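The structure under discussion appears below in the form of structure tokens.
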Amino acid sequence: MKTNRIKTEINQTNGRPAISLLRACLNTCSAIRDGIETVKEKILQQHSKSFKGGERFLKLALNEAEALAWQTDYPHLVFPLLAAEKATAAVNWQSRQTTIRQDRESAFAA
């Protein structure tokens, strides 16, 4: 039933304004999504050298940043800074974990 109503509304507006607005919205959303993916890949490349086998954790942090950014009105503006902060926090966390493991191993070795 809803599809008939939508078709009727499009037909009443000669099909042009509603369709062009829909295309503009889809194009904008697609461009924002592509921009976020590009930034995500760049941040992943920058920080993946710091992660030794733990890149999955970094990807999770970037996905979390993306999810949080999409909850705002301007995800394309919020995501880059939020993703950089999350990636830095993930690198710092992994560094601390490595230090803790090394301290534990040296304590048991003594």
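All of the numbers you see were taken from the coordinates with simple rules; none came from a lab. This is a predicted model, so every value here is computed, not measured. Here Cβ is always computed from backbone atoms with ideal geometry, including for glycine, and neighbour counts include all displayed protein chains.
Summary of computed values
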| quantity | calculated |
| --- | --- |
| Those aspartates and glutamates that a straight Cα-Cα span of less than 18 Å connects to Lys86, excepting residues fewer than 8 apart in one chain | Glu37, Glu41, Glu55, Glu64, Glu66 |
| Ranked Ile19, Ile36, criterion: other C-beta atoms within 10 Å, fewest first | Ile19, Ile36 |
| Computed lengthening from Glu55 to Gln97, 0.36 nm per intervening residue step minus Cα-Cα distance | 13.7 nm |
| Dipole axis of the range 33-109 (+1 Lys, Arg; -1 Asp, Glu on Cβ), positive-most option in Leu68, Ser48, Gly35 | Ser48 |
